[in-house]
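The values are calculated or read from the model by the stated rules, or taken from the named source; none is laboratory data. Bear in mind the structure is a predicted one, so any value in this text is a computation, not a measurement. Cβ placement follows ideal geometry from the backbone for every residue including glycine, while neighbour counts extend to all protein chains displayed.
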Amino acid sequence: MVTVIDLFAGCGGLSLGAARAGLSPNLAVELDDHAAAAHSKNFPHCKTAKLDLSKVDSAAINSLYSGRPDLVIGGPPCQGFSYIGKRNQSDPRNDLLDRFFQIVSDLKPRAFMMENVPGLLSKSSFQLLERALQRVPSSYVVLTPSVLDAADFGAATRRKRVLVIGYDPTDVDPISFGMINKNRRAPATVSQALEGLPEPGTTDVAEVGLVDSPYVRFINRRSVDLGDACKLNAHSDCRVSGFEATKHSPEVESRFSATPQGKTEKVSRFFRLNPNEPARTLRAGTGVDKGSFQSARPIHHVSPRVVSVREAARIQGFPDWFDFHPTKWHSHRMIGNSVNPLFAEAILTSIARSLGVPG
């Protein structure tokens, strides 16, 4: 049995990609209460541990599984490196980058993969990555960090990420970005991602019929070890959550209506989706520790409103049975913070083959 550990797991975008690549996570570590609860519901056969990785040592993680891990994956919080934020080099969350690689050093997995924002490779941040990578034993092969875009792997959103991959060459077949790039697929468009979804309304649950979109069929694939039973049963009956509407004033609706597709509304600065292209990167906003600010959500390409939770989830590549949170705010934060599952699956499929997991 392959042992996979997902650190800073969030609601499970990276875990979902791993599971669909044949690398179902055995252990996920996440500090946020709501994200950890969502992960636990959607991955019932994975142990979800609510731990603060800035405070616990690797022994606390090591006690939750047996044997040597085959793969450690994760995305340490990236706000201190992001081009969107202030890129504060003293942000304490930056220390979690160093913590990720220290845990890798302690657990000694056969391979590891870390994802983060492109700003990590900027001149001001790259020294932090170099310092963190010094934690990794010299016996590992560590690939030169590379920036890849989720849209180039079949996603319906542009989302560039830095990947840092390493492996034990005595126990793992060689891994390269060349072999990963063979999994590229044409981007999906917003209209393909949102096909068949009804308008949001006063209730969270709506009926969603079967659609012909290859993208939707692909993200809605089932697996025996994934999903909350209630949500799976509801999805089988064509009932899907995430449709509670956001209320807008008539003035705002008028401005949204007047905004052309693919353009930015001048007052709110919200971007209106272009149905014929992948969406721009969905943003998460900030947590309670940083003021609980809600990030701008895109304007729907047809209706004069921001996208619903389920529409954002479709764009990000989550299946319709995936459960987030009863509130729109926490749900959108989880989606915006997540790794795109389609992107994760494409990357981890290549790593799975090097680990000897059959396709």
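A few comments on the model shown:
- In region 161-180, the qualifying residues are those that are out of contact with any strand residue (DSSP E or B) (no Cβ under 7 Å at 6 or more places or on another chain) and assigned to a helix (DSSP H, G or I), and the one that is surrounded by the most Cβ atoms within 10 Å (Cβ to Cβ) is 180.
- The single condition among (1) among the small types (Gly, Ala, Ser); (2) at positive phi; (3) assigned by TED's automatic domain parsing to the domain that holds residue 300 that residue 201 does not satisfy is (2).
- Test: residue in region 313-334 that is of a type in the set (A, V, I, L, M), over 19 Å from residue 198 (Cα atoms) and modelled with pLDDT of 95 or more: yes
- Residue within region 230-237 that is part of a loop (DSSP other than H, G, I, E, B), in contact with a helix residue (DSSP H, G or I) (Cβ under 9 Å, 6 or more places away or on another chain) and among the basic types (Lys, Arg) present: no
- Criterion: over 22 Å from the mean Cα position of the chain (by Cα) and at pLDDT 95 or above - qualifying residue of 187, 174, 145: 174
- Some residue of region 250-257 being more than 21 Å from residue 316 (Cα to Cα), at pLDDT below 95 and either in the same structural domain as residue 299 (by TED's automatic domain parsing) or out of contact with any His (no Cβ under 7 Å at 6 or more places or on another chain) (or both): no
- Condition met for residue 28 (of a type in the set (Gly, Ala, Ser) and touching a residue at least 12 places away in the same chain (Cβ under 8 Å)): yes
- Filter pass, residue 213 being surrounded by fewer than 21 Cβ atoms within 10 Å (Cβ to Cβ), farther than 24 Å from residue 36 by Cα and either among the β-branched types (Val, Ile, Thr) or at pLDDT 95 or above (or both): no
- Of all the listed residues (206, 151), the sole one being touching a Pro at 6+ places or on another chain (Cβ under 8 Å) and in the same structural domain as residue 281 (by TED's automatic domain parsing) is 206.
- Scope region 193-224; condition touching a helix residue (DSSP H, G or I) at 6+ places or on another chain (Cβ under 7 Å) and over 15 Å from residue 314 (Cα atoms); matching residues: 223
- Count - residues of region 1-53 that are of a type in the set (Phe, Trp, Tyr) and either touching a Pro at 6+ places or on another chain (Cβ under 6 Å) or surrounded by fewer than 24 Cβ atoms within 10 Å (Cβ to Cβ) (or both): 1
- Residue selected from region 216-229 under the condition out of contact with any Leu (no Cβ under 8 Å at 6 or more places or on another chain) and not in a helix (DSSP H, G or I), by the criterion surrounded by the most Cβ atoms within 10 Å (Cβ to Cβ): 227
- Among the residues of region 129-180, those identified as under 20 Å from residue 97 (Cα atoms), free of Cβ contacts under 8 Å to residues at least 40 places away in the same chain and hydrophobic (A, V, I, L, M, F, W, C) are 129, 132, 133, 136, 141, 142, 143, 147.
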